[in-house]
Amino acid sequence: MGISNIIRVEDVHRHFVVGEETVRALRGVSFTIKEGEFVTIMGSSGSGKSTLLNLLGCLDTPTSGEYYLDEISVRTMDGNRRATLRNRKIGFVFQSYNLLPKTTALENVELPLFYNPSVSASARKHKALAALDAVGLSDRINHRSNQMSGGQQQRVAIARALVNDPVLILADEATGNLDTRTSYEILALFQKLHAEGRTIVFVTHNPEIASFSSRNIVLKDGRIIDDRYNDNIQSAAEALAAMPPEED
Amino acid sequence: MNYGNLFKIAIKAIRNNKIRSLLTMLGIIIGITAVILMISLGQGAKSTIKGEISSIGSNLINIWPSSADESGARRSAADMQSLKMSDYEALRREARYLRYISPSFSSGGQAIAGNNNTPTTIYGVNTEYLEIQGLEILKGEMFTDEHIREIAKVCLLGQTVVDELFDGDSDAALGSVIRFNSLPVRVIGILKSKGSSAMGSDQDDIIIAPYTTVQKRVMAIDYIPSIVASGLSEEYSGQAIDEITAILRQQHGIKGEAKNNFRVMSMDEILDTIDQVMNTLTLLLAAIAFISLIVGGVGIMNIMYVSVTERTREIGLRMSIGAKSNQIMMQFLIEAVVISVTGGIIGILSGLILNGLISLIMTMTGSSMSMLISGKSIVVAFLVCTFTGIFFGWYPARKAARLDPIDALRYE
């Protein structure tokens with residue numbers, strides 16, 4: 001076998017009861033993501049991608065079907081066990097960064113480790129510095145979130161997602177708040193992490209991003225309508241270099 | 001769960017909102033300061049009053065005719081005159097738990113010497129009165145049993161009377177003849193000053209004379225208004241009272257369930273009564289101060305509630321990166337407790353400082369009142385503000401813990 005399954009989704013349904021109506025957000029979704037894949041999950045709003053993201057992120061559990069994260073069944077887990085699972089296995093990157101205000105980059109990156117009692121204070125700082133180094137922010141460790149640009153803030157958020165050495169990085173429209181140039185920078189960073197062997201799931205409605213990933217899953221009305229590997233992965237770094245130079 | 005980390009997180013959150021946290025603390029600071037000062041004031045007043053009474057001697061026993069029954073209805077005139085000379089003599093003869101005993105005839109009137117006159121009180125007593133009341137002689141000497149037998153027109157003056165009649169010149173006073181109302185009496189001694197009593201009455205504004213003199217020449221009565229005595233020691237005051245009661249009941253022919261027509265009260269009991277009254281007063285003061293502490297607690301609740309709403313996304317983030325709901329709860333609870341306990345500590349310190357200042361002012365103005373900080377009140381204040389933090393932080397913290405991470409992350 002060699003390469004293990006990070007995500008295994010088997011005929012997952014997720015229904016929400018809103019008033020007297022039942023909304024079927026996911027209607028039988030199955031797929032497997034192996035270690036080292038960079039998968040984009042696309043779909044328009046209402047396609048069920050947010051619901052799928054919440055399930056993959058262990059923030060929610062399926063109504064029926066099975067979800068295995070790193071071969072651990074999540075469906076029957078209670079809130080506390082899923083919290084611990086998120087803490088150990090998942091790194092989240094959000095559209096709006098979600099950094100703590102008035103808090104330095106270092107402290108923001110350290111945050112997940114605060115909820116892991118087995119990590120000592122010195123190990124915490126060491127890991128956080130290494131994560132900040134990995135996203136190229138070694139010179140910004142003591143900057144507060146409000147002193148940084150959007151791109152820098154998103155890098156801090158990515159460092160925070162890396163700090164617990166997760167099996168899965170889950171990005172939710174991670175370039176949604178950024179301009180084209182900065183988006184490329186962030187995508188280049190994701191590609192670098194991918195190249196280093198990280199497993200990344202990037203949920204987006206922007207079709208352009210699919211060209212930078214290794215695989216693209218498309219959702220519509222709660223079902224997968226397309227799932228294909230990308231033979232022609234574009235380099236975000238090259239796309240960045242091809243852009244006209246910034247004025248002033 | 002790692003409380004150390006949660007504590008750091010809570011401290012960080014407080015430091016991120018310095019002004020707000022400080023204002024929230026202010027409620028607690030004021031509340032605790034008020035509680036400390038009020039209790040200190042109450043306890044100080046209590047100890048001052050008790051101290052001054054104890055200086056008289058807490059084994060002092062007073063016997064009065066009982067002028068009212070327990071329902072407060074006034075009794076007959078006969079009851080008001082129920083103590084007779086024979087009662088005094090019986091007590092003197094039979095009571096084994098008493099060391100000293102003296103009848104006490106007191107009568108208000110005008111003391112006159114030359115051109116000076118002053119309203120004062122004359123006490124008709126026996127030679128043991130000095131011991132009973134802890135009085136000492138400054139100049140001259142005490143009257144004798146012979147003076148008592150002879151119904152002699154002699155007296156001793158308190159310092160205030162000397163001041164009023166002789167402009168403080170005790171040498172001039174000694175040996176002179178003054179008049180109490182129309183009765184001329186010779187001054188054979190001057191009493192040492194005792195200062196004012198806890199109740200504020202001037203203990204030096206007295207004249208003492210042989211009881212026969214006051215009874216016959218001033219008051220012209222055949223009963224005794226009251227008897228004062230001192231017990232063997234404070235620990236026997238209970239037995240002394242029982243004994244006096246038994247002797248007097250026998251003297252008065254009171255049997256079975258019939259009520260006493262006299263009252264016996266030891267200084268101990270008076271002290272107990274004062275204790276109760278002052279404790280009630282202290283409690284009342286503390287209760288008023290407590291209200292401000294509760295207002296402070298509501299302030300904490302209010303701010304924590306706003307804080308939870310304002311930090312909904314932060315809570316969502318923390319949950320998404322692995323915070324369990326009870327850890328979120330603890331974070332906010334710790335935050336509330338840290339605010340209230342810090343406020344409490346500052347309140348205790350400011351209470352101590354203000355207490356010192358007030359004491360200083362009291363000393364400088366010569367007030368006999370004092371402030372008394374009790375360690376107990378500090379411990380109680382500390383516990384109360386910890387409890388306040390937990391109590392008023394609970395609801396907001398639970399609200400935070402019950403947030404759904406998905407909704408919290410989307411909160412705008």
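Here are a few things to note about the model shown:
- Within the stretch A:171-214, tally of residues that are of a type in the set (Ser, Thr, Tyr) and part of a helix (DSSP H, G or I): 5
- Within the stretch A:1-19, being closer than 26 Å to A:ARG198 by Cβ and surrounded by fewer than 20 Cβ atoms within 10 Å (Cβ to Cβ) holds for A:MET1, A:GLY2, A:ILE3, A:SER4, A:ASN5, A:ARG8, A:GLU10.
- In the stretch A:184-210, the residues that are small (Gly, Ala, Ser) and in contact (Cβ under 8 Å) with a residue 24 or more places away in the chain: A:ALA188, A:GLY197, A:ALA210
- Sole exception among (1) touching a residue at least 60 places away in the same chain (Cβ under 8 Å); (2) within 10 Å of chain B (Cβ to nearest Cβ); (3) outside any strand (DSSP E or B) for A:GLN154, by number: (2)
Yes/no matrix, rows are residues, columns are (1) without any contact (Cβ under 8 Å) to a residue 40 or more places away in the chain; (2) within 14 Å of chain A (Cβ to nearest Cβ); (3) out of contact with any Gly (no Cβ under 9 Å at 6 or more places or on another chain); (4) acidic (Asp, Glu):
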position	(1), (2), (3), (4)
B:GLY322	yes, yes, yes, no
B:ASN326	no, yes, yes, no
B:GLY375	yes, no, yes, no
B:ILE378	no, no, no, no
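- Just one of the listed residues (A:THR61, A:THR22, A:THR32) is assigned to a loop (DSSP other than H, G, I, E, B), surrounded by fewer than 21 Cβ atoms within 10 Å (Cβ to Cβ) and without any contact (Cβ under 8 Å) to a residue 40 or more places away in the chain, and it is A:THR61.
- Which listed residue is surrounded by 16 or more Cβ atoms within 10 Å (Cβ to Cβ) and either in a helix (DSSP H, G or I) or basic (Lys, Arg) (or both), from B:LEU360, B:LEU354, B:LEU383: B:LEU354
- Checked against the criterion of being under 17 Å from the mean Cα position of the chain (by Cα), more than 9 Å from chain B (Cβ to nearest Cβ) and β-branched (Val, Ile, Thr), the stretch A:61-83 has no qualifying residue.
- Subset of the stretch A:99-134 [surrounded by fewer than 17 Cβ atoms within 10 Å (Cβ to Cβ), without any contact (Cβ under 8 Å) to a residue 24 or more places away in the chain and within 8 Å of chain B (Cβ to nearest Cβ)]: A:PRO117
Conditions (1) at pLDDT 95 or above; (2) away from every other protein chain (no Cβ under 14 Å); (3) in contact with a helix residue (DSSP H, G or I) (Cβ under 6 Å, 6 or more places away or on another chain), marked per residue:
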| position | (1), (2), (3) |
| --- | --- |
| A:ALA25 | no, no, yes |
| A:GLY28 | no, yes, no |
| A:VAL39 | yes, yes, no |
| A:GLY46 | no, yes, no |
| A:LYS49 | no, no, no |
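- Meets criteria (over 30 Å from A:ASP165 (Cα atoms), assigned to a helix (DSSP H, G or I) and hydrophobic (A, V, I, L, M, F, W, C)) for B:VAL337: yes
- Verdict on B:ASP202 being exposed (fewer than 13 other Cβ atoms within 10 Å of the Cβ) and either out of contact with any Asp or Glu (no Cβ under 9 Å at 6 or more places or on another chain) or of a type in the set (Phe, Trp, Tyr) (or both): no
- Taken as a whole, the structure places B:ILE221 among residues that are of a type outside the set (S, T, N, Q) and assigned to a loop (DSSP other than H, G, I, E, B).
- Some residue of the stretch B:280-297 being more than 14 Å from every other protein chain (Cβ to nearest Cβ), under 25 Å from B:ASN59 (Cα atoms) and not aromatic (Phe, Trp, Tyr): yes
- Of the residues making up the stretch A:219-241, those that are out of contact with any helix residue (DSSP H, G or I) (no Cβ under 6 Å at 6 or more places or on another chain) and among the aliphatic types (A, V, I, L, M) are A:ILE224, A:ILE225, A:ILE233, A:ALA241.
- Residue satisfying all of: in the stretch B:300-320; away from chain A (no Cβ under 14 Å) and of a type in the set (A, V, I, L, M); nearest to A:PHE92 (Cα to Cα) among these: B:VAL308
- The stretch B:1-25, residues that are of a type in the set (Val, Ile, Thr) and either within 16 Å of A:ALA121 (Cα to Cα) or touching a residue at least 24 places away in the same chain (Cβ under 8 Å) (or both): B:ILE9, B:ILE11, B:ILE14, B:THR24
- Meets criteria (within 15 Å of the chain's Cα centre (by Cα), closer than 25 Å to A:ILE3 by Cα, not in a loop (DSSP other than H, G, I, E, B) and not polar (S, T, N, Q)) for A:GLY91: yes
- Residue count for the stretch B:328-347, restricted to those that are in contact with a Ser or Thr (Cβ under 8 Å, 6 or more places away or on another chain) and over 30 Å from A:PRO112 (Cα atoms): 3.
To keep it simple, each residue is scored yes or no on (1) within 14 Å of chain A (Cβ to nearest Cβ); (2) modelled with pLDDT of 90 or more; (3) not in a helix (DSSP H, G or I).
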| residue | (1), (2), (3) |
| --- | --- |
| B:LYS8 | yes, no, no |
| B:ILE11 | yes, no, no |
| B:GLY42 | no, no, no |
| B:TRP64 | no, no, yes |
| B:ALA90 | no, yes, no |
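- Across the stretch B:262-271, not a single residue is classified as charged (D, E, K, R), buried (at least 18 other Cβ atoms within 10 Å of the Cβ) and under 30 Å from B:GLU335 (Cβ atoms).
- B:ILE227 passes every criterion in (1) surrounded by 15 or more Cβ atoms within 10 Å (Cβ to Cβ); (2) part of a helix (DSSP H, G or I) apart from (2).
The values are calculated or read from the model by the stated rules, or taken from the named source; none is laboratory data. As the structure is a prediction and not an experimental result, all values here were calculated from the model. So basically every Cβ, Gly included, is an ideal-geometry build from the backbone, and we count neighbours across all protein chains shown.
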